[in-house]
Amino acid sequence: MNGGSEIASYLIVLLFLVSLLMNFTDIPQRIQLHRFSSFVRRKLYTLEEMEVDARRKAIAYMSSTGIKEPSKVLEGFMDNFFLIRPVDMEPTDIIKRFKHLIRVRESSVRDYVRRVLSGAERSVQYSVETVLEIVSVMRLLNKLIRHYLELGLKYNNWILVMQLAIQMPELVEIAKAYRNSLDAFTSGIPIGDSVGPLVAKMLVNWKEPIREISEGTDLYETEVEGRKVYVIKASGPGSNVGWPGEALEKLVEELGGAIDRIITVDAALKLESEESGEVAFGTGAAIGDIGPEKIAMERIASKYSIPLDAVVVKMSEVEALSPLTKKIYEGVVRSYEVVRKIIIEKVRDGGVAVVVGVGNTVGVK
Amino acid sequence: MMLLQLDALMTALLIALFLLLLTTLLPWLISVTSSKSKVVKEELVELVGCPKCGYESSRKYEKGDYVGKVVGTCPKDSNSLIVKAIYVEKHTYAQ
Ligand SMILES: [Zn+2]
């Protein structure tokens, strides 16, 4: 035998041993764990940079509104003001309990901001609240990712770390959307989620509201081809979603249920195969609420058996948080036409309809 | 005969090595060859209009503007001109 073939046979033995190690030990998993965890760490580093950037923007915005020691205000807000979900094992009056907790949390946030923001406009106050919420959401996201990464490494749970690594690109996109939404909220530009209020405003021909029906929620009155139309939307132009369910409940009760149709307009999450700005209509309450506002709409509609329609403009989660794009604005115009069509075709001449423009009204008065 | 056998073995090993390298480098190769660099320019545009006569025109977004704000008078009938929409327009240029 010559030297060359000896090397070759050594190599074959080596290959055999390596394949044995790779197939019958958990060394590959260890290697993967290392690779995935370093990938997650790299992405987490970008996310933490984004958080720092968001913090910087929030502090700059808050000091521009006249808040003294904005970083202290930010620190005092983060990690606090959490909400514990009510017991759902016994669902009796869960909506009432949930609504109560949401209102209490909201008013304590409001008090916190009001205390540091002496005598500013309400729209500014709403925007400061939103900015604080966004930065604390970004912080929570980063903390959760770090938690799962460290948990996975601690127990050598390579499946957990791998899962995290696979989800990272999506999470980075969402964090980016949150950071970009800060620009929209601080300078008062409509976002994708503002399609409901935009349609409402178009419907009333950009008129002023007749009154505030619920806290931070306005009522408008207009006419569409002989049909009386009441329009409900959050009061702008600050970042605000109002209480559309409560407002609708109040209005219907005030009118004694003499309403022919309720139409809700909102942004909806699109499927990947769908185009942004696509408009669709259906039945039900179009609102992305955790419960109380949505059930209020359903309850009041079924109490007086008023047909409840939903018109949605489709978009991705990122688009819902980012400044409005032209494509989605075209969707707004289309959904306005759909709402008009529903009113003309399904409400009798001289009848009454209510349109609820659901969503954040930032940049839309 | 022996020499031929050795060559076949070495070639097989070399091919295996080459394939291994190719699979590890493939994602990078794809990203290099398929990325067509595009320049995306985003511009904030606002649509101003007159609710009375339907006059409409678009212009650059000005800081502090919001939908529903009165920003002047209509050139047609001197009613108040208001901001009807604010949105981002994307212009893409292929480089
Ligand atoms: Zn005019």
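The values are calculated or read from the model by the stated rules, or taken from the named source; none is laboratory data. Keep in mind that this is a model prediction, so the values were computed, not measured. Cβ sites come from the backbone with ideal geometry, for glycine too, and all protein chains shown count toward neighbours. All accessible areas refer to the heavy atoms of the entire protein, side chains included, with ligands and DNA or RNA removed. Shrake-Rupley method; radii C 1.70, N 1.55, O 1.52, S 1.80 Å.
Take the Cβ atoms of A:GLU317 and A:LEU20, set R0 to 60 Å, and the FRET efficiency comes out at 0.85. Here's the list of aspartates and glutamates a cross-link from A:LYS201 could span, going by alpha-carbon distance under 18 Å and ignoring same-chain residues fewer than 8 apart: A:ASP193, A:GLU212, A:ASP218, A:GLU221, A:GLU223, A:GLU225, A:ASP266, A:GLU330, A:GLU337, B:GLU46, B:GLU56, B:ASP65. For the stretch A:258-360, chymotrypsin sites (Phe, Trp or Tyr not before Pro) meeting the loop criterion (DSSP other than H, G, I, E, B) and having at most 16 other Cβ atoms within 10 Å: A:TYR304. The loop-placed trypsin sites (Lys or Arg not before Pro) in the stretch B:10-95, going by DSSP, that have at most 16 neighbouring Cβ atoms within 10 Å of their Cβ come out as B:LYS36, B:LYS52, B:LYS63, B:LYS76.
Amide H contacts under 5 Å for A:THR325: B:VAL88, restricted to partners 5 or more places along the chain or on a different chain, H placed in the peptide plane at 1.01 Å from N. For GluC sites (Glu not before Pro), the sites in the stretch A:204-245 that DSSP calls loop and that have at most 13 other Cβ atoms within 10 Å are A:GLU225.
Which entries in A:LYS228/A:LYS365; A:LYS176/A:LYS326; A:LYS96/A:LYS176; A:LYS72/A:LYS327 show an alpha-carbon gap greater than 30 Å? The partial results should precede the final answer.
Working: A:LYS228/A:LYS365 22 Å; A:LYS176/A:LYS326 20 Å; A:LYS96/A:LYS176 35 Å; A:LYS72/A:LYS327 40 Å.
In this structure, A:LYS96/A:LYS176; A:LYS72/A:LYS327 lie more than 30 Å apart at Cα.
How big is D, in µm² s⁻¹, for the stretch A:315-365 by Stokes-Einstein at 25 °C and 0.890 mPa s if Rh is the Kirkwood radius over C-alpha pairs?
Working: Rh = 13.0 Å.
Estimated diffusion coefficient is 188 µm²/s.
Per residue, chain A reaches -20000 deg cm²/dmol at 222 nm when only DSSP H runs of four or more residues are counted, each adding -39500 (n - 2.57).
GNM on chain A, alpha-carbon springs under 10 angstrom: the most fluctuating residue among A:ALA200, A:ALA54, A:ALA258 is A:ALA258. Just round it to a whole percent: the fraction of Cα-Cα distances in the stretch A:217-298 exceeding 20 Å. Considering the stretch A:217-298, 42 percent of its Cα-Cα pairs are separated by more than 20 Å. On the stretch A:192-357, 49 percent of the accessible area sits on carbon and sulfur atoms, based on a 1.4 Å probe.
Suppose all protein chains stay in the model; what accessible area per residue would a 1.4 Å probe give for the stretch A:168-243, in Å²? Please report the intermediate quantities before stating the final value.
On the way: 2400 Å² over 76 residues.
Ligands and nucleic acids excluded, the result is 32 Å² per residue.
When the convex hull of its Cα atoms is viewed from all sides, the stretch A:192-357 shows a mean projected area of 8.9 nm². Compactness ratio for chain B: Cα radius of gyration over 2.2 N^0.38 Å (N = residue count) comes to 2.53. The stretch A:1-76 and the stretch A:235-305 have Cα centres lying 44 Å from one another.
Mark the label point 7 Å from the Cα of A:ARG35 along Cα→Cβ and return the residues of the stretch A:160-197 whose backbone N is within less than 12 Å of it. Within reach of a label on A:ARG35: no residues. Of the residues A:VAL338, A:VAL195, A:VAL135, the one that moves most in a GNM of chain A with alpha-carbon contacts below 10 Å is A:VAL338. Close amide H pairs (under 5 Å, H built 1.01 Å from N) link A:SER316 with A:LYS270, residues at least 5 positions away or on another chain.
A Cα-only calculation for the protein assembly as shown places Rg and Dmax at 29.0, 104 Å. Scanning residues 5 or more positions from B:VAL67 or on other chains, those with amide H under 5 Å from its amide H are A:VAL364, A:LYS365, with H placed 1.01 Å from N in the peptide plane. Under the simplified labelling scheme, the A:GLU215-A:LEU255 pair shows an inter-label distance of 2.6 nm, with each label point 7 Å from Cα along Cα→Cβ.
Hey, rough spin-label estimate for A:HIS147 and B:THR24, points 7 angstrom out along Cα→Cβ, what's it come to in nanometres? For the pair A:HIS147/B:THR24, the computed spacing is 3.7 nm. Put simply, chains A and B cover up around 2000 Å² of each other's accessible surface, both sides summed, when a 1.4 Å probe is used.
Helix A:122-154 and the long axis of chain A differ in direction by around 20°, with both axes built from C-alpha atoms. Please list log₁₀ I(q)/I(0) at q = 0.24 Å⁻¹ for the stretch A:149-231, using the Debye equation with identical point scatterers on the alpha-carbon positions. Log-scaled intensity ratios, in q order: -1.11.
The phi-based Karplus calculation (6.51 cos²θ - 1.76 cosθ + 1.60; θ = phi - 60°) puts the 3J(HN,Hα) values of the stretch A:353-365 at 10, 10, 10, 10, x, 8, x, 7, 9, 4, x, 10, 6 Hz, whole numbers, x for Gly and Pro.
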